[in-house]
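Engineer: There's a structure below that I have some questions on.
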Amino acid sequence: MIPPNSLVFVIDDDASMRKGLARLLRSAGYKSEIFESASDFLTRAPHSGLSCVVVDVQMPGLTGIELQKDLIQRHRE
């Protein structure tokens, strides 16, 4: 479990899901940053010190599974 007040990244192509998850995380004491696509996340998010990423598996373009593989590869380098 990540400590309260940690930053959680939410990536989902469905706007209502992104906003709902952000509200839920905020009510549980976490900060969140939302992204509408995996590509948007890769472009804008810092990739060092990631605590938690919540990602939709099926998205247009880069899928959640592909994003996970990319992040694992970046972490290994």
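Engineer: Can you give me the relative contact order of the chain as a percent, contacts being Cα pairs under 8 Å and 6 or more apart?
Structural biologist: Once divided by the residue count of the chain, the mean separation gives 33 percent.
Engineer: For the stretch 2-17, just list the computed ³J(HN,Hα) in residue order, Karplus coefficients 6.51, -1.76 and 1.60, θ = phi - 60°, integers in Hz, with x standing in for Gly and Pro.
Structural biologist: 8, x, x, 6, 6, 8, 10, 8, 10, 10, 7, 7, 8, 4, 5, 5
Engineer: In debye to the nearest 20, how big a dipole does the stretch 1-44 give about its Cα centre with +1 on each Lys and Arg Cβ and -1 on each Asp and Glu Cβ? All intermediate terms of the calculation are to be shown ahead of the outcome.
Structural biologist: Working: 6 positive and 6 negative charges, 58 e Å.
With Lys and Arg at +1 and Asp and Glu at -1, about 280 debye.
Engineer: Where Lys and Arg each count +1 and Asp and Glu each count -1, what net charge lies around Val54 among other residues with Cβ under 14 Å from its Cβ? Spell out each step's value before the answer.
Structural biologist: Values: positive: Arg18, Lys19, Arg23, Arg26, Lys31; negative: Asp12, Asp13, Asp14, Glu33, Glu36, Asp56.
Net charge around Val54: -1.
Engineer: Can you compute the helix-only [θ] at 222 nm over the chain? Use -39500 (n - 2.57) per DSSP H run of at least 4 residues, normalise by all residues, nearest 500 deg cm²/dmol.
Structural biologist: Dividing the helical sum by the residues of the chain leaves -13000 deg cm²/dmol.
Engineer: Next question, about the same structure. Please tell me the relative contact order of the stretch 1-44 in percent, rounded to the nearest whole number, where contacts are Cα pairs under 8 Å and at least six residues apart.
Structural biologist: 45
Engineer: So, with +1 on the Cβ of K and R and -1 on the Cβ of D and E, and no other charges, what is the size of the charge dipole of the chain about its Cα centre, to the nearest 20 debye?
Structural biologist: For the chain, the charge dipole is close to 340 debye.
Engineer: In addition: Tell me whether the stretch 1-44 comes out rounded, prolate or oblate; compute the Cα gyration tensor, take square roots of the eigenvalues as a ≥ b ≥ c, and use a/c under 1.5 as the rounded threshold.
Structural biologist: It comes out oblate by the Cα gyration axes.
Read-outs throughout are calculated quantities, based only on the coordinates presented, and are distinct from any laboratory measurement. If you're wondering where the values come from, they're calculated on a predicted model, not measured in any experiment. Counting neighbours? That spans all protein chains shown, and the Cβs are built from the backbone with ideal geometry, glycine included.
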